[in-house]
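Data first, discussion second: the structure below is written as structure tokens.
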Amino acid sequence: MAKITGLGGVFYAVKDPAATRAWYCDTLGVDGEYGPQLNWSEETGNKPYSLISHFSDDSYIKPGRGGS
């Protein structure tokens, strides 16, 4: 049976990314090199994890237009 082996991350826009990252760290105890990350401890590989990324500008995460 198939199973989920990872999730690339959760990406969203916020007014203050630094304050949001601090909230994840202080309130939930979740942090990492590039922002809060959730480790997949049961998976094999080189430290698999999912990243939670918050951006102040949503243009980076808007849907693509596809094609050329």
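Brief remarks on what is shown
- Projecting the Cα atoms of Gly9, Gly35, Cys25 onto the dipole axis of the chain, where Lys and Arg carry +1 and Asp and Glu carry -1 at the beta carbon, places Gly9 farthest toward the positive end.
- Sorted ascending by nearby beta carbons within 10 Å, beginning with the fewest, Thr20, Thr27 become Thr27, Thr20.
- From phi via Karplus (6.51, -1.76, 1.60), per-residue ³J(HN,Hα) for the range 23-37 in Hz, x at Gly/Pro: 4, 4, 5, 6, 8, 9, x, 10, 7, x, 4, 10, x, x, 9
- Take every DSSP beta bridge whose two residues both sit in the chain; close to 40 percent of them are antiparallel.
- Prolate/oblate/rounded label for the chain (Cα gyration tensor, a/c 1.5): oblate
Coordinate-derived values only; no laboratory data. Bear in mind that the values here come from a model prediction, so they are computed numbers and not experimental data. Using ideal geometry, Cβ is built from the backbone for each residue, glycine included, and neighbour counts are taken over all protein chains shown.
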